[in-house]
1. Using each residue's phi in region 91-103, evaluate 6.51 cos²θ - 1.76 cosθ + 1.60 at θ = phi - 60° and report the 3J(HN,Hα) Karplus result to the nearest Hz, with x for Gly and Pro.
2. Work out from phi, with θ = phi - 60° and the Karplus expression 6.51 cos²θ - 1.76 cosθ + 1.60, the ³J(HN,Hα) of each residue of region 69-85, listed in order in whole Hz, and give x for Gly and Pro.
3. Scan region 58-118 for trypsin sites (Lys or Arg not before Pro) in coil per DSSP, keeping those whose Cβ has at most 15 other Cβ atoms within 10 Å, and list them by number.
Amino acid sequence: MSIVEAQDRRMALPPSIRVRLAGPRDCEALVALLDDPAHAREAHAREQVLGWLETPGITLLVAQSELGVLAVAVLLTRIMPKPGGGMHKVVEVDNLVVRPDQRGQRIGRRLLAAVVEWSRQRRAVQVEAVVGEEGARRFYESFGFAQSVDRLVLAA
């Protein structure tokens, strides 16, 4: 990328987006968003998207503009026991993906803000994100997420 291209990209206004629930009509756009062109994995991505769309407790929110689907957040809603008794709702961001050509325009932050608002509207007491890579960790921490030490994990 030349300096001129980089400057043009920085000066371009972020697209006007709206966040909405994904549905079966979004399947092809989601497969394209999640598919890794370096690998022959389209069938796997299609199965994964269809599984998410059909599974109770999983919600997909998409950020969309006139360009189409720009990003997706895959949310898992769980009912968890509270310390001392009772139950509460927790929403976990299982996956958040922004189209590669749209990264750096704060679309992920806008989608994550919508995720938090969606969770509050459903009376979730907590939004969690499980991250593996440092870039994702920095993204969530810059949004206000803090590391939690109350989860124990065992690999199956």
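1. Whole-Hz 3J(HN,Hα) from phi for region 91-103: 10, 10, 7, 7, 7, 9, 10, 10, 3, x, 6, 10, 5.
2. Here the 3J(HN,Hα) series is 6, 9, 7, 9, 10, 9, 10, 10, 9, 10, 9, 10, x, 8, x, x, x Hz.
3. Numbers: sites: Arg78, Lys89, Arg103, Arg106, Arg109, Arg110; in loops: Arg103, Arg106.
Sites meeting the loop and neighbour criteria: Arg103, Arg106.
Any read-out appearing in this document is the output of simple, stated calculations on the displayed coordinates, not a laboratory observation. Here the structure is a predicted model, which is why all the values come from computation and not from measurement. Cβ: placed from backbone, ideal geometry, glycine included. Neighbour counts: every protein chain shown.
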